[in-house]
Every structure is written in C-alpha cells, then in structure tokens.
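Read the figures in this text as sums done on the coordinates, not as results from a lab. Everything numeric in this text was worked out from a predicted model, so none of it was measured. Don't worry about glycine lacking a Cβ; one is built from the backbone with ideal geometry, like all the others, and counts go over all protein chains shown.
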Amino acid sequence: MSSEEFDHLPSFAFGDSPELADSLLELVLNGTKTATCGDLHSYEKDGEPLPQPGDQYVILDGKGQAACVIEMVTVDVRQFNEIDEVWAVLEGEGDLSLEFWQEGHREFFERNGVYAPDMKLVCEYFQLVKIFKRDQAKPKPN
C-alpha cells in the first residue's frame, strides 16, 4: 500500500479514551480482536454511511498516530440484547465472556449517553491487512 493509497482512507481510534484506544488496538495487532460494534443511531445522526464489506480504515492509537489498516469482512445490524457469546469472543476483550462484553459495552454506551438494552448496533467483523511502524511521524509502506 503506497502512501497515496493510505491517505484517502478514513481513520478512527477504538474506544473513547487514549488508554482504551491503545488497549483495543493491541488486541487488533495481536489478532485477538477481529470485530467491533457501534451505535447505529450515531451513524444516522452524523449522516455517516454504514461500513460495507471491503471498506478499509486506518486505526489510530491513543496518540492519534496511524497504527494499522483493517478491512471489513461482514457488517450487520443487531440489537444489544441479541449479541451472543461468539460475538463476545470475536471482540476479544477481557475474559472473552458474554458477561464481560455486556458490562463493558453497557458502560461504554452509558458514558456516551446512548445505552438501551434494545439499541441497534452496527456489528463489524474485520481482518487486519497492514501494520504501520509508529515510530515515524507518518507511516510508510514496508
């Protein structure tokens, strides 16, 4: 991937703090985290299109530096209370249990003012396609 190809990709950091961004990024980089989810209402409110299979995103670390590129494999919409143990494992957080996923995500969505048991989530399964060196101001291809 050349620098020009990288520059046009949208970017985001996981979570809602630099510490959470770094810890979730580490799970992506080590292959534990292969899925994520977000509040459907936020996409609609911001007029942001839902991710589609094949879409690529640059993932930022807690300092806002590009760390890797992921590509969406599948994207679907589910209610919070429909998330199962399989999805909890794919998200790769904590002890990988559904209970850990529910508690952590409920707290996250409550902090952001959007939690409801039947809230709709955009569930994204992704693959890691590129890791950047982060000791440079701007990542360069290998």
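Things to note:
- Between region 80-96 and region 40-58, the Cα center-to-center distance that results, in Å: 21 Å
- Within a Gaussian network of the chain (alpha carbon springs, distance under 10 Å), most fluctuating of Asp16, Asp76, Asp46: Asp46
- Range of Cα positions in region 14-54 per principal axis (Å), largest first: 31, 25, 11
- Rh by Kirkwood over Cα pairs, then Stokes-Einstein D for region 50-92 at 1.567 mPa s and 4 °C, µm²/s: 105 µm²/s
- FRET efficiency, Asp118 to Val73 (Cβ-Cβ, R0 25 Å, nearest 0.05): 0.45
- Helix 18-29 and the long axis of the chain differ in direction by around 80°, with both axes built from C-alpha atoms.
- Helix 98-111 vs. the chain, principal-axis angle (Cα, 0 to 90°, nearest 10): 80 degrees
- Rh by Kirkwood over Cα pairs, then Stokes-Einstein D for region 66-137 at 1.567 mPa s and 4 °C, µm²/s: 94 µm²/s
- Under 9 Å, Cβ to Cβ, from Leu25 - net charge with Lys/Arg +1 and Asp/Glu -1: -2
- Reported value for region 3-131: 103 Å³ per residue, from the convex hull of its C-alpha atoms.
- Annotation: amide H of Phe14 within the under-5 Å range of Leu60, sequence separation 5 or more or interchain, hydrogens built in the peptide plane.
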